[in-house]
1. Report, please, the projected area of the chain averaged over directions, based on the convex hull of its C-alpha atoms, in nm².
2. For residue 51 and residue 322 in the same chain, what is the full-extension length gain: residue separation times 0.36 nm, less their Cα-Cα distance, in nm?
3. Could you work out how much longer the chain between residue 75 and residue 28 gets when fully extended? Use 0.36 nm per residue separation minus the Cα distance between them, nm to one decimal.
4. Tell me the label-point distance for the pair residue 282, residue 351, using the 7 Å Cα-to-Cβ offset, in nm and rounded to one decimal.
5. List, in order, the whole-Hz ³J(HN,Hα) value for each residue of the stretch 57-62 obtained from phi through the Karplus relation with A = 6.51, B = -1.76, C = 1.60 and θ = phi - 60°; use x for Gly and Pro.
6. Considering only DSSP beta bridges whose two residues both sit in the chain, what percent are antiparallel, to the nearest 5?
7. Take the cross-link list 13/304; 32/64; 64/180; 236/288; 44/282 and give me the ones stretching past 29 Å between alpha-carbons.
8. How long are the semi-axes of the equivalent ellipsoid of the stretch 139-294, taking √(5λ) for every eigenvalue λ of the Cα gyration tensor, in whole Å from largest down?
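The values are calculated or read from the model by the stated rules, or taken from the named source; none is laboratory data. These figures come from a predicted structure and were not determined experimentally. Note that each Cβ is placed from the backbone with ideal geometry, even for glycine, and that neighbours are counted across all protein chains shown. Side chains are part of the model used for accessible areas, which takes the heavy atoms of the whole protein and leaves out ligands, DNA and RNA. Shrake-Rupley method; radii C 1.70, N 1.55, O 1.52, S 1.80 Å.
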Amino acid sequence: MTTDLLYHEIFTKHVMSPSHPESPERLLSAMKHIQETGLLEESKVNVVEGMPANLDLIYSIHAKQYIDMVKSKSESGGGYFTLDTAVNKYTYDAAMMAAGAGTLAMDRIMDGTSNNAYVLCRPPGHHAEYDRALGFCFINNVAVAAKHLIQQHGAQRVLIVDYDAHHGNGTQNAFYTINKVLYIGLHQDGRTLFPGSGFPDEIGSGEGEGYNVNLAMYPGAGDRSYDIAFSEIVEKISESYRPEFVLVSCGFDGHFSDPLTVLGLTTSGMAMMNSRLNSMAKNLCGGKLAFFLEGGYDLDIVGKCSRNIIEELSGTEVTSYSDTHDESENCTQYTRELIDRLRRSLSGIHF
Ligand SMILES: [Zn+2]
């Protein structure tokens, strides 16, 4: 049983502006907490640096003209894409290396070198659109990995579960009209949070109809709501889909202490999801599972949750922390109604 931790120093060199919440310190906190497990010395976890992604693969997810713009802005020393999404001279190389780390993780799992992986990278990816940087993201790492599984490994069914607090608009849009990728997003309702999308009626179109699932969670929703959502939607749909590989966009900004969102998850709620995703992967596709870091802006929580992911993937006892948070009955009731609505709109496809 071996787990890969994809990590490269260049991921910490991309900086958008001083005191920006999506900071290199996020990865440093994650590495510090992971190192404290001792798993890196025991060789149960391999640190793998990766290499830049293949450009033809990148162009299957993003417009060449847009990627050229990221490169030229980086080469010129920096520049803005949106008010809160900017490059410095390292951003292009870091983004290419992050996407390449993801594809290498796929190759190593598919050829049996390792069992599973955590791609601990920056910049994150799930908001990056075909021709647009958005929400601290430039290249959609998880979408590139899914495309690589389809193109290079002949995958017919790739499941992406995105539990970052923000909707993964870029990932949804990359695969909205096909059924080779099933996207399930659990995020704070878009009426109350960036990017303002990810509603339950966005279920995919054409042959992709029914292969895009959005659980738009009520502000304040926490461990109880996510537990029900996993039982009633995530696990049931996954069993019906029978994925060949499970990819997870993990963001820890659903934690109640996160400065950017108002969800109510705890570290044990995140660990519960990780454990159930691992069980799903083991039951459905021989354990083929990779986590990709997206958001999460409380540095201590990013560290603890990253440690928990590595523990879960490597089959080590998962450290439990003492943070607790109550969820109101309103939230739980709203989640049940949302689930009923989703099950009705997806009936005949997954139910
Ligand atoms: Zn997020």
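1. 15.3 nm²
2. Gain in length upon complete extension: 93.7 nm.
3. 14.4 nm
4. 2.9 nm
5. 5, 4, 6, 7, 10, 10
6. 15 percent
7. Exceeds cut-off: 32/64.
8. Values: eigenvalues 106, 60, 38 Å².
Here the semi-axes work out to 23, 17, 14 Å.
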